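This report concerns only the one structure given below.
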Amino acid sequence: MKIEQFVRFLLVGAMNTGFSYGLYACLIWAGFQFVPANFTATVAGIVFSFRMQGRFVFSNTGVSFFQRYLPAWLAIWFLNVTLIAVFVHFGHDQYSAGAMALAPVIAVSYLVQRKIVFKVAPLSSARYK
């Protein structure tokens, strides 16, 4: 693991998470159920996060990465909602369930973005022969 990269990921992620969770909490307070509230917060966070993560964490800002970013975040969102549903099922309120889901979602998000979304294929030496 690249420690400096992970620290940058955490810093950008903290800003994005604060924004996204704040929006999620506001939507819950306004009467939304957790699935649409979480989806709305995730979509808003994606717009911000793609550019910030690409530029400051993975040094890849090309629009082509968005083709991998969007389905990756759909899978991450599904994981997030599933975890929230599990925590709610076991008696936690929607606020704490959303907060409890953060740590595993952050870990999976970093790995997916590093290994899949922003991964640049190594240059093949065969190209230069």
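Just a few scattered comments:
- Conditions (1) open to solvent by 70 Å² or more (accessible area, probe 1.4 Å); (2) assigned to a helix (DSSP H, G or I); (3) farther than 18 Å from Val120 by Cβ; (4) not acidic (Asp, Glu); number of the one not met by His92: (2)
- Scan of region 60-74 for residues that are assigned to a loop (DSSP other than H, G, I, E, B) and either touching a Phe, Trp or Tyr at 6+ places or on another chain (Cβ under 7 Å) or touching a residue at least 24 places away in the same chain (Cβ under 8 Å) (or both), ordered by number: Asn60
- Residue that is farthest from Phe9 (Cα to Cα) [pool: residues in region 104-118 that are without any contact (Cβ under 8 Å) to a residue 12 or more places away in the chain and open to solvent by 60 Å² or more (accessible area, probe 1.4 Å)]: Lys115
- Residue tally, condition within 19 Å of Leu70 (Cβ to Cβ) and open to solvent by 60 Å² or more (accessible area, probe 1.4 Å), over region 9-34: 1
- Residues that are open to solvent by less than 60 Å² (accessible area, probe 1.4 Å) and among the hydrophobic types (A, V, I, L, M, F, W, C), drawn from region 36-70: Ala37, Ala41, Ala44, Ile46, Phe50, Met52, Val57, Phe58, Phe65
The values are calculated or read from the model by the stated rules, or taken from the named source; none is laboratory data. What you see is a predicted model; the values in this text were computed from it and never measured. Neighbour counts are summed over all protein chains in view; Cβ atoms, including those assigned to glycine, are modelled from backbone coordinates with ideal geometry. Just the protein is used for accessible areas: all its heavy atoms, side chains included, with ligands, DNA and RNA removed. Shrake-Rupley method; radii C 1.70, N 1.55, O 1.52, S 1.80 Å.
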